Each structure stands twice: as C-alpha cells, then as structure tokens.
Amino acid sequence: MLTHLRDRMADALRRATEVEQLLADPETVKDAPRLAALGREHHRLAEVVHKVNRYAKAEAELTDARDMANGDDADFAAEAKAEVERLELECTALEKALLPLLIPRDPLDDRPAIFELRAGTGGDEAALFAADLLRMYTRFIERKGWRIEGISYSDGTLGGVKEAVFKVIGDGAFGLLRWESGVHRVQRVPATESQGRIHTSAATVAVLPEAEEVDVKIEDKDLRIDVFRSSGPGGQSVNTTDSAVRITHIPTGLVVSQQDQKSQLQNKAKGMEVLRARLLDLRLSEQEAERSRMRKSQVSTGDRSAKIRTYNFPQGRVTDHRVGVTLYDIDRVLDGDLTPFLDAIALANAEESLSG
C-alpha cells in the first residue's frame with residue numbers, strides 16, 4: 001500500500017503544479033466557473049502539498065537517524081534511536097493524514113447536503129433522542145463554520161423531534177456528512193421510566209447531495225401535485241389558504257410534503273429541491289449497491305437501514321460499528337465532537353480505495 005501511497009503523492013504534486021499554471025493562464029481568468037473550480041482544487045491541494053513535503057522531510061531525517069543509530073558512539077546512538085522512534089511515529093501519522101486526501105475525490109463531495117433526521121422505533125423516547133441528535137449535528141455544523149437552511153420541521157411530544165429536514169451549506173458539507181447516513185441507536189433509562197429499566201430506541205439519518213437541475217431531469221407529466229392547508233400540532237389548521245404542497249413522482253413513487261414556507265410557491269420550490277435530491281440519491285444508491293456486490297465496503301453508505309452507531313448513556317459510551325471506534329465521553333460527542341469517528345471512517349475508506 002505504501003507504494004500506491006507514494007504514487008498518489010507524486011501525482012498530487014504534479015497536479016498542484018499544473019493547477020498553479022492553469023490559474024496563471026489569462027484564458028482561465030476569462031472563464032469564471034473554471035476559475036472557481038480550479039481555485040477550490042488549489043485550496044485542497046495546498047494541504048496535500050504541505051503534508052507531502054513534511055513527509056518527505058521526515059523520511060529523510062529518519063534515514064539519517066537510522067544511520068546514526070548504528071554508529072559506534074553508544075551515547076550518540078541512544079539519542080539517535082530515540083529520534084528514530086519519534087520520526088517513525090511522525091511518518092505513520094502523516095501517512096494516515098494523507099490517505100484520505102489522496103484518494104480520487106467524488107465531485108459531489110463539495111455540494112451542499114440535504115440532511116434528513118427522523119425519529120425511529122421507540123415512541124416518545126425516539127423523538128427525544130432525535131432532538132439530541134439534532135442538537136449534536138447543529139453544534140458540529142456550527143464548529144465547522146457552515147450554515148443551516150431549514151426546509152421542514154415537525155415536533156414530537158415531550159419536546160422531541162419527529163422529523164427535521166435542512167440544507168447544510170459549506171465547503172465539503174456532503175463529503176463529510178455523507179457518512180452519518182444510517183440508523184443511530186440509543187440505550188438509556190427514559191425520564192418516564194419509574195423502574196429504572198434501560199430502553200433501546202432509534203433515529204434515522206439520511207444525507208443526500210444537493211441536486212442541480214442538470215443532475216436530474218424531471219418531466220411535468222411525471223409529477224402529481226396536491227395542495228392542502230398547513231397543519232400544526234394536533235392537526236389544527238395553521239393557515240387559511242391551501243399553501244401546503246404534496247409532490248408525488250409517479251415513476252418512482254417518491255412523495256415529498258412541504259408546508260413550512262409561507263406560500264404555495266415557496267413550498268413547491270422547497271419540495272422540488274428535496275425531490276431532486278432524493279432522485280439523485282436513489283440513482284447513487286443503485287450504483288453503490290452494484291459496486292458493493294463487486295466489492296464489500298466497510299463503510300458503505302448504500303444501505304440506509306444499517307445500524308451505524310450506538311449511544312449508551314449508562315456507560316457513557318458511543319460506538320461506531322463500522323470502524324469499531326468507541327469513545328467513553330458521550331457528553332463530548334453529543335456536544336458535536338464527531339471528529340474521531342469521521343477521521344476513522346475517512347481513513348478506512350481511503351485504505352479500501354487505495355488497496356482496491
């Protein structure tokens with residue numbers, strides 16, 4: 001694998017030089033979309049170049065330190081051996097950091113993400129857990145400096161969340177959040193449980209890339225659009241006009257309902273945005289299923305029914321089942337620190353891609 005890694009490093013350095021030359025080309029400046037795309041690529045490659053150069057320097061220092069460690073001077077050799085250990089650790093850390101940066105990048109990774117969070121099995125407790133997850137993701141997104149744009153929201157009972165759909169706008173939003181798709185399970189004693197028994201409930205997450213109109217062509221004849229009055233908690237009407245919209249995509253049977261916006265036109269626009277994202281995701285899921293038949297993926301996002309993470313409150317433990325990472329700091333995780341899980345998943349995905 002190290003040979004493949006070195007090849008990818010060399011390719012990245014060559015591409016970085018090429019991108020710099022293209023950015024300096026007057027013809028590029030005239031093409032705004034291409035200039036923007038090259039600018040984003042240059043920004044990504046700058047981090048790669050920095051780490052590759054540091055890796056090359058550490059390797060050179062490691063070679064020198066090994067030579068010194070085999071010298072005749074015992075005191076000097078002991079110091080050199082300590083330096084060898086330090087540099088070996090640094091090289092290993094740099095290899096792990098470089099791996100996710102060197103695999104072929106999915107062009108969808110830079111898209112905004114359509115994030116869908118729903119309470120699953122477990123009744124009121126599932127809705128309360130969904131609310132916890134919504135806070136967790138909100139904190140994570142805030143820390144990344146990204147922006148949330150609400151699409152639809154439905155309250156559960158006891159302050160829980162039945163469903164929340166929103167767009168996450170930021171550099172690499174879909175590329176990072178896509179790994180959160182799946183079933184999240186919680187084990188804890190509900191506030192309403194008088195016997196102190198631990199209950200298990202769940203919430204589901206689906207993260208879709210924002211679809212542009214060129215990605216998915218939707219014919220008017222393939223749509224059935226129904227309008228109705230928006231309703232609030234308990235089903236009471238909150239609007240005197242038929243502003244809520246239900247869009248059915250007849251060929252696939254996908255249904256999107258939208259009532260959070262003020263007008264029928266706004267609800268239709270938001271509903272079409274979600275429908276396009278789901279249609280693109282359906283196509284990607286089919287491609288992923290075909291790929292998974294050919295090669296078993298450790299961190300596949302193709303199966304949305306897969307249990308990906310368990311949050312155990314009595315033990316203060318959070319376990320990601322895909323990569324076997326367990327943290328005994330549930331408060332920190334629920335405060336939005338998902339980095340240990342996402343780093344491990346990115347590394348596992350990179351190793352699979354590099355070896356396969």
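List of remarks:
- About its Cα centre, segment 87-191 has a charge dipole of approximately 200 debye under the convention of +1 per Lys or Arg Cβ and -1 per Asp or Glu Cβ, with nothing else charged.
- For the chain, the antiparallel share of DSSP beta bridges with both residues in that region comes to about 90%.
- P(r) for segment 75-234, from all Cα pairs and a bin width of 10 Å, is 9, 25, 25, 20, 11, 6, 3, 1, 0 %, short bins first.
- Full extension of the chain between Glu61 and Thr17 gives 13.3 nm of extra length, using 0.36 nm per residue less the Cα-Cα distance.
- Amide hydrogen proximity for Leu254: with H placed 1.01 Å from N in the peptide plane, the residues at 5 or more positions away or on another chain lying under 5 Å are His249.
- For segment 3-141: relative contact order, % (alpha-carbon pairs under 8 angstrom, 6 or more apart): 19 percent
- With the simple spin-label model, which puts each label point 7 Å out from Cα in the Cβ direction, the Asp331 to Ala46 separation comes to 3.8 nm.
- Portion, in percent, of the accessible area of the chain that falls on carbon or sulfur, probe 1.4 Å: 51 percent
- Measuring between alpha carbons in the structure, the pairs from Lys81/Lys144; Lys144/Lys268; Lys57/Lys81 lying more than 28 angstrom apart are Lys81/Lys144; Lys144/Lys268.
- When the convex hull of its Cα atoms is projected in every direction, mean area for segment 156-234 (nm²): 9.1 nm²
- Per residue value of the accessible surface for the chain (all protein chains in place, 1.4 Å probe), Å²: 53 Å²
The values are calculated or read from the model by the stated rules, or taken from the named source; none is laboratory data. What you are looking at is a predicted structure, and each value in this text was computed from that prediction instead of being measured. As a convention, Cβ positions derive from the backbone with ideal geometry for all residues, glycine included, and neighbour counts pool all protein chains shown. Ligands, DNA and RNA are stripped out before the accessible areas are found, and what is left, the full protein with its side chains, is counted by its heavy atoms. Shrake-Rupley method; radii C 1.70, N 1.55, O 1.52, S 1.80 Å.
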